[in-house]
Amino acid sequence: MQLGSTTVARGSRVECEAGELVTRKTDQEQTQAKTAKKRTRRERHTSESAGENSHHRDRRYSAKKSKQNNNSPYAHLHPLQDYLHPGLDVVFCGINPGRMSAETGHHFANPTNHFWRCLHRSGMTTTLVPPSEDFSLPERFNVGLTNLVDRPSTQACELSRAEMVDSVPAFLDKLARHRPRFVCFVGMVIWEIVRNSLAKLSQQGMKKLEKGRSKKKNQMGLQTYKLLYGNEIAGLPQETLLFVVPCTSGRVVQYQIPDKIALFTKLQTLVRMPSSEIDTSGMECVVWRSSSP
């Protein structure tokens with residue numbers, strides 16, 4: 001009996017211990033379940049809060065962006081007027097109006113810009129013309145002014161490449177209507193944009209682009225393209241030659257004033273030459289017909 005009693009007692013302890021284990025395990029599972037449930041609620045709340053914050057942040061960003069657009073420092077500025085007449089000797093093309101030029105309404109108006117000094121010291125004008133008399137260039141000196149992009153900005157780097165490329169057709173239309181003997185790009189950046197557009201219109205130029213030859217460093221001076229027009233107009237040139245000078249901004253230090261004047265002088269030398277004496281036989285021809293009257 002004692003042995004049996006002992007056996008039962010041991011069994012009872014085993015059963016009791018097993019029961020305690022089961023009870024502890026059940027309590028632990030319940031605790032874990034409650035913790036997981038709380039974590040799920042907390043994560044859901046965090047996710048919803050993040051979504052709301054993101055939504056509010058997006059709305060604040062959109063409102064801020066809209067406000068910035070409405071409060072653009074250039075919103076009050078207007079494009080500069082072109083000064084163009086049919087059959088000019090040269091049309092100078094800037095990249096876009098600077099802020100001071102747009103505020104005053106005159107081309108190359110910043111006093112640190114070298115354009116007017118280069119124009120005078122190269123012999124293209126007999127006097128140093130102030131920016132306020134830019135309108136007089138066509139009548140007095142047979143010289144015109146325009147820009148590739150109409151939109152004003154403080155720096156040219158504020159223009160996107162796409163904006164410049166999109167402006168090329170309208171620029172070529174101006175040339176086709178007025179047909180100057182020369183176009184002078186005031187800055188290599190402008191020429192690179194226009195040149196790529198001309199290359200796509202020229203079979204030879206397109207082949208060079210495809211073969212990668214166009215990666216050759218561009219040079220200042222007279223270029224290897226010329227514009228031809230689809231119809232003849234009595235008394236106007238049938239082709240326009242293209243020339244490049246450095247940007248005349250005072251911020252451009254790669255070319256000093258004497259360097260810039262020297263290139264302006266080369267252009268003036270070509271302008272004085274009869275068209276028949278300028279060899280254009282090796283130039284790539286691009287025919288452009290104006291899409292506007």
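The values are calculated or read from the model by the stated rules, or taken from the named source; none is laboratory data. Since this is a predicted model, take the numbers as computed values, not measurements. Cβ coordinates were reconstructed from backbone atoms using ideal geometry, including for glycine residues, and neighbour counts include every protein chain displayed.
Please pick out the residue among His85, His76 that is out of contact with any Lys or Arg (no Cβ under 9 Å at 6 or more places or on another chain), at pLDDT below 95 and surrounded by fewer than 17 Cβ atoms within 10 Å (Cβ to Cβ).
Values: His85 fails: at pLDDT below 95.
Among His85, His76, only His76 is out of contact with any Lys or Arg (no Cβ under 9 Å at 6 or more places or on another chain), at pLDDT below 95 and surrounded by fewer than 17 Cβ atoms within 10 Å (Cβ to Cβ).
For region 88-139: of the residues being buried (at least 19 other Cβ atoms within 10 Å of the Cβ), among the aliphatic types (A, V, I, L, M) and not in a loop (DSSP other than H, G, I, E, B), which is nearest to the chain's Cα centre (by Cα)?
Ala102
Collect the residues in region 234-281 that are farther than 17 Å from Cys184 by Cα and of a type in the set (Lys, Arg), keeping them in residue-number order.
Arg251, the sole residue that qualifies.
If you go through region 269-280 one residue at a time, how many are surrounded by fewer than 15 Cβ atoms within 10 Å (Cβ to Cβ) and touching a residue at least 60 places away in the same chain (Cβ under 8 Å)?
1
Pairs please, first residue from region 139-154 and at pLDDT 95 or above, second anywhere and surrounded by 22 or more Cβ atoms within 10 Å (Cβ to Cβ) and acidic (Asp, Glu), Cβ atoms under 9 Å, 6+ apart in sequence or on different chains.
Listed pairs, sorted by first residue: Leu145/Asp134.
Please go through region 161-177 and give me each residue that is touching a Leu at 6+ places or on another chain (Cβ under 9 Å) and not small (Gly, Ala, Ser), ordered by number.
Passing the criteria: Met164, Val168, Phe171, Leu172, Lys174, Leu175, Arg177.
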